[in-house]
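The values are calculated or read from the model by the stated rules, or taken from the named source; none is laboratory data. These numbers were taken from a predicted model, which means no experiment stands behind them. So basically every Cβ, Gly included, is an ideal-geometry build from the backbone, and we count neighbours across all protein chains shown. Keep in mind that these areas ignore ligands, DNA and RNA; they rest on the heavy atoms of the full protein, side chains included. Shrake-Rupley method; radii C 1.70, N 1.55, O 1.52, S 1.80 Å.
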Number of protein chains: 2
Amino acid sequence: MSESMRGLKRTHRCGEVVGATLGSEVTVMGWVQRSRNKGGVVFTDLRDRSGILQLIFEEDDCGEEVFHKAQSLKSEYCIAVEGRLERRSDPNPKLPTGELEVRAKTLRILSESETPPFPIEENTKTREELRLKYRFLDLRRPDLQARIMLRSKIAAEIRRFMTGEGFLEIETPTLIKSTPEGARDYLVPSRVHPGSMYALPQSPQLLKQLLMCSGYDRYFQLARCYRDEDLRADRQPEFTQVDMELSFVNADDVLAVNEKLLHTIFKEVLGVEVKLPIQRMTWREAMGRYGSDKPDLRFGMEITDVSETVKGCEFAVFSGALDAGGSVRGLNVKGQGHMPRKKIDALVEYAKGYGAKGLAYVAIQEDGSVKSSFAKFLKEEEMQALIKAMGGENGDLLLFAADKNKVVFDVLGALRLELGRQLELFDKNEFRFVWITEFPLLEWSEEEQRFKAMHHPFTMPMEEDWDKIDSDPGAVRAEAYDIVLNGNEIGGGSVRIHRSDIQEKMFEVLGLTREVAEERFGFLLEAFRYGVPPHAGLAYGLDRLAMLMAGADTIRDVIAFPKVKDASDLMMNAPDVVEEKQMEELSLCFRENKA
Amino acid sequence: MSESMRGLKRTHRCGEVVGATLGSEVTVMGWVQRSRNKGGVVFTDLRDRSGILQLIFEEDDCGEEVFHKAQSLKSEYCIAVEGRLERRSDPNPKLPTGELEVRAKTLRILSESETPPFPIEENTKTREELRLKYRFLDLRRPDLQARIMLRSKIAAEIRRFMTGEGFLEIETPTLIKSTPEGARDYLVPSRVHPGSMYALPQSPQLLKQLLMCSGYDRYFQLARCYRDEDLRADRQPEFTQVDMELSFVNADDVLAVNEKLLHTIFKEVLGVEVKLPIQRMTWREAMGRYGSDKPDLRFGMEITDVSETVKGCEFAVFSGALDAGGSVRGLNVKGQGHMPRKKIDALVEYAKGYGAKGLAYVAIQEDGSVKSSFAKFLKEEEMQALIKAMGGENGDLLLFAADKNKVVFDVLGALRLELGRQLELFDKNEFRFVWITEFPLLEWSEEEQRFKAMHHPFTMPMEEDWDKIDSDPGAVRAEAYDIVLNGNEIGGGSVRIHRSDIQEKMFEVLGLTREVAEERFGFLLEAFRYGVPPHAGLAYGLDRLAMLMAGADTIRDVIAFPKVKDASDLMMNAPDVVEEKQMEELSLCFRENKA
């Protein structure tokens, strides 16, 4: 049975009755959260996106027919009810509408529901795979709904702010040319041009720089981007970037407008006041203190370099690392000197996952005595000097990594975060921002034995370092910046090169011949021949930002129809085989050998 | 030579100096529109997105070095200038800044420009192909820039309005499952799932209906959509749809909110007041009066059915059409009785392009005498009756088509528009809206010898016609509506079926077995099992809407980087061949036989 809503007009969403006059007639529509008969009365919780509202059916009010229909109501039936808004005799303080109920006069069952494969409830325990298969039901859960709505509000506030600041949202194409570098492109075969492919964009980077060349001055876009990556825990094959670019600005201008943006959205969406200006930290400092270019500043436990302190000692792990040009650095885990050996061993295993060969430790007992994995290799005064350098006090646990700098930073950075989580060293509700600046312009690729651009080849080097580009290219810093929130890189960008002399030198340093550069960036280089404005930009990962703002554990919770790790959509069953006719039209076939 | 902008900060865009104090120091940046030396003075027109501003360089003000640099300026150089804002001695009334100029003190050439392949100017005569190859230069033209900015403003106003009305913008995925029907899908091969393909969406239709099932109540999205069509004049392989869906509403509710939307954007973007409510016309009436389901109501010249009047006559063309079940209908082209035979012949040819076998005419001369292609077949009183039926007066031209109804409507509808254009019967600046309602639910496919859904299989039939679904399915009207502006369908939508009994019947009528329906619409049908709300929606073509609002002749003028008829991008050279390695990763090969 299903009825039409003809002649009915909803007067309020469930949560909106709070603003209505007691005793007034209302018409509400939604889904049955639950319905129960109790002593000749049917109590029904009605749910819509605004909340839950209690309906009450009594035969004296609604007549026999309606009452019988009400008795048949089951979870997830979609219904419409006319009735009178009344004060509830047994208020439910957990609901915003908890002091109210609607005494029903009519009832229409707009459509029935089978029993759902899992209950529609907050904090579900249903496994995610099943929920993703029935995403349309999962999306009914009030907590997930709140997150999807929060994301929508974030996007709306971003757009409102950007438009107010004179940014133009300009749509860039998504069927573009493939530039095979970085992550893999998704390709789209062309029926009209057999043998040719479009690519889906990894970002609108080149196109937004073109728009600057064309004089649009301030561009932004919430742009769908695509990467055919080996999917890591929290990546999606398609994702949304809040992309912006500005002309006639320097890095400070970009940072300033973005601080205002962040302040606005946190204020408008969460009621949280972001303290401005946001702290800035150079890349070098972030690596040294936190072993990461995206440090979580909600807690301390900074890394200490003890290379100088231990350089004369006989512990081969330390001296070997130092001799090889590496370093020895440590973390002081305050008050954890009593940590059981088993837990320390687990930390060592964790560290190995980040490339450490091991982890040296010193557990300072409450009585000042020391348990250590390497005490026997150190003289007593060396041990005391090490403890002092680490600011070690009775009851502290000191952990050390000794290796190449990169490994030491990776290991201690990861360990610091893990300990922060285990020991609950930070406030989950705090939002702590930091700008990371002065990134290296280039990074050395061991694999290719050449320098590669750390951001992209159009990133402007810092003027004060430019004279080192030949003598010491690795030491040249870039006009690049990342915005980090609670240890997550939520956005990044740079000032772009607008001077042809610098651009040509950059290609040379990167080992790109003129021909290769033309092949890859042809239309941008072409555009650069006709008057390029100084320009700079930044892009946020909207999924990540929304996840953090929503307090969600995965970006899948802020995406209406997400894909899983293997890039498939469990609800739609995509990707899927297509008809032979479709392949034929595209002049395509699949290789026999799928190895 | 190119200089840094270090230490400079732009104070105004060119057009913004109008608000600045005379005599104040300003810093402006932009492109040289033109620069000329005249009697020891350099006059430079500086251009940015806000307008054009005159700069004046005199050696006494700026010194020798700057003056020499100024003398070297050429079109499209990107420069920065500090100077004093002054009143211009020779005002240029054509420019908003025409009473002002900046007396330059400093000049930096931020980057030079080669001579562009075509001049950057309004109302260009450069052929479009060249402009599209150099789109980054074309996009500098102030008239094109105004259109791109107008589109951006339209999008921003749509979003502001929709958000204010409680709509949530929810992003739907673009890597989805292919449903082979309607236009061709673009396919995207999957590396992770060799042999499988994603499809790019033709619209978010099914997903937005799912969102209604999930209780989001009011959804909208400016959604990128894709159709691999044989490209007609004004289609793009990727286009943007303003997509919306509402729950617990009827058609009137959808029309009402959309009238408010249209009113808002026309008011905010163009300052044009759309008169509400917008006129409604049934599909049947639109076809009968205008031969079109998207009538241009800016002028009259309606179609008259003269079948009854001519049914006894001996003119075989008329009687043949009537005998075959068709009709005879005519247009009265007022005051064109003097139209030369050659022009009438051209109209006949035009009509043939729309399927007419010919066109019968009666030219009533100023003296009341008649020239006609078929006078000899009609008795005098029959001719007079025909003229009377057509409201013919001295000096009028009457044109007749006789054929099957579909052909008659196509021909006279097209002819009416062509004559409207030729005779300039309408005001180009008028915006005339009309809702077309009560579309047929089904249309007969001659090719497949079965009924097909005119909109889509989820469109709700009109309740009052539902009893005819078996006896006369072609007579059942749908709860579907299109919004038409100046003869262009800019949007359309429908109430959707939410009742399972009606849905099953629809599939039956469409000849879809349960299995086929499941295969095609599986997850939507699955969702429908768990409580579907009544819902309805609408979608606009944003490109078309923006084109009409901008007064442009092609949608390419409101798209930053459009594609041409063969679906290629002339600037990026996309699509293009890709590396063999990329094909290999996708387990793909191209067929040898590309026939």
How many residues, within segment A:523-541, are more than 9 Å from chain B (Cβ to nearest Cβ), closer than 20 Å to A:A480 by Cα and either surrounded by fewer than 22 Cβ atoms within 10 Å (Cβ to Cβ) or not hydroxyl-bearing (S, T, Y) (or both)?
6
Within segment A:458-482, the residues that are part of a loop (DSSP other than H, G, I, E, B), of a type outside the set (D, E) and in contact (Cβ under 8 Å) with a residue 24 or more places away in the chain are A:F458, A:M460, A:M462, A:I469, A:V476
Could you give every pair whose Cβ atoms fall below 6 Å, whose first residue belongs to segment A:1-29 and is within 8 Å of chain B (Cβ to nearest Cβ) and open to solvent by 40 Å² or more (accessible area, probe 1.4 Å), and whose second residue is in a loop (DSSP other than H, G, I, E, B) and not charged (D, E, K, R), counting only separations of at least 6 or pairs across chains?
A:R10/B:F248
Pairs where the first residue, in segment A:158-169, is among the basic types (K, R) and the second is surrounded by fewer than 21 Cβ atoms within 10 Å (Cβ to Cβ) and in a helix (DSSP H, G or I), C-beta under 8 Å, 6+ apart:
A:R160/B:R160
Quick check on segment A:66-78. Is at least one of its residues in contact (Cβ under 8 Å) with a residue 60 or more places away in the chain and not in a loop (DSSP other than H, G, I, E, B)?
no
Only one of A:V310, A:V306, A:V333, A:V328 is open to solvent by less than 40 Å² (accessible area, probe 1.4 Å), under 32 Å from the mean Cα position of the chain (by Cα) and touching a residue at least 60 places away in the same chain (Cβ under 8 Å), namely A:V333
Which of the residues spanning segment B:106-123 are buried (at least 16 other Cβ atoms within 10 Å of the Cβ) and more than 14 Å from every other protein chain (Cβ to nearest Cβ)?
B:L107
Reported set for segment B:287-301 where residues are part of a loop (DSSP other than H, G, I, E, B), out of contact with any helix residue (DSSP H, G or I) (no Cβ under 7 Å at 6 or more places or on another chain) and either within 11 Å of B:G487 (Cα to Cα) or charged (D, E, K, R) (or both) is B:K294, B:L297, B:R298
Per-region count, segment A:223-272, residues open to solvent by 10 Å² or more (accessible area, probe 1.4 Å), facing chain B (nearest Cβ under 10 Å) and among the acidic types (D, E)
5
Can you pull out every residue in segment B:426-448 that is hydrophobic (A, V, I, L, M, F, W, C) and either under 25 Å from B:K505 (Cβ atoms) or touching a Lys or Arg at 6+ places or on another chain (Cβ under 8 Å) (or both)?
B:F426, B:V434, B:W435, B:I436, B:F439, B:L441, B:L442, B:W444
Quick check on B:A401: is it more than 30 Å from B:P277 (Cβ to Cβ) and surrounded by 21 or more Cβ atoms within 10 Å (Cβ to Cβ)?
yes
Every residue in segment A:84-97 that is in contact (Cβ under 8 Å) with a residue 40 or more places away in the chain and either among the β-branched types (V, I, T) or not in a strand (DSSP E or B) (or both), please.
A:L95, A:P96, A:T97
Given (1) under 34 Å from the mean Cα position of the chain (by Cα); (2) of a type in the set (F, W, Y); (3) open to solvent by 20 Å² or more (accessible area, probe 1.4 Å), number of the condition B:F590 does not satisfy
(1)
It is to be established whether one or more residues within segment A:34-42 are within 11 Å of chain B (Cβ to nearest Cβ) and open to solvent by less than 50 Å² (accessible area, probe 1.4 Å).
no
Among the candidates A:I170, A:I176, A:I158, which residue alone is in contact with a strand residue (DSSP E or B) (Cβ under 7 Å, 6 or more places away or on another chain), more than 10 Å from chain B (Cβ to nearest Cβ) and β-branched (V, I, T)?
A:I158
I'd like to check something: does segment B:344-352 contain any residue that is of a type in the set (F, W, Y) and open to solvent by 30 Å² or more (accessible area, probe 1.4 Å)?
yes
First in segment B:40-58 and not assigned by TED's automatic domain parsing to the domain that holds B:D138, second anywhere and open to solvent by 20 Å² or more (accessible area, probe 1.4 Å) and assigned to a loop (DSSP other than H, G, I, E, B), Cβ under 6 Å, 6 or more apart:
B:D48/B:R13; B:S50/B:R13; B:G51/B:P96; B:I52/B:L95
Contact list please: Cβ distance under 8 Å, first residue in segment B:423-450 and basic (K, R), second residue in a loop (DSSP other than H, G, I, E, B), pairs at least six apart or on different chains.
B:K428/B:G551; B:R432/B:D296; B:R432/B:L297; B:R432/B:R298; B:R432/B:N486; B:R450/B:L510; B:R450/B:G511
Take the residues in segment A:557-577 that are open to solvent by 40 Å² or more (accessible area, probe 1.4 Å) and more than 7 Å from chain B (Cβ to nearest Cβ); name whichever of them is farthest from B:F521 (Cα to Cα).
A:K565
Just to check your reading of the model, which residue among A:A517, A:A560 is part of a helix (DSSP H, G or I), of a type in the set (G, A, S) and on the phi < 0 side of the Ramachandran plot?
A:A517
Scan of segment B:557-583 for residues that are of a type in the set (A, V, I, L, M) and either in contact with a helix residue (DSSP H, G or I) (Cβ under 8 Å, 6 or more places away or on another chain) or closer than 21 Å to A:E169 by Cβ (or both), ordered by number
B:V558, B:I559, B:A560, B:V564, B:L570, B:M571, B:M572
Kindly establish whether A:L206 is open to solvent by 10 Å² or more (accessible area, probe 1.4 Å), in the same structural domain as A:D543 (by TED's automatic domain parsing) and more than 22 Å from B:P173 (Cβ to Cβ).
yes
Looking at B:L415, is it in contact (Cβ under 8 Å) with a residue 12 or more places away in the chain, under 30 Å from the mean Cα position of the chain (by Cα) and open to solvent by 10 Å² or more (accessible area, probe 1.4 Å)?
no
Quick check on my filter: what residues within segment A:354-370 are surrounded by 13 or more Cβ atoms within 10 Å (Cβ to Cβ) and without any contact (Cβ under 8 Å) to a residue 24 or more places away in the chain?
A:V370
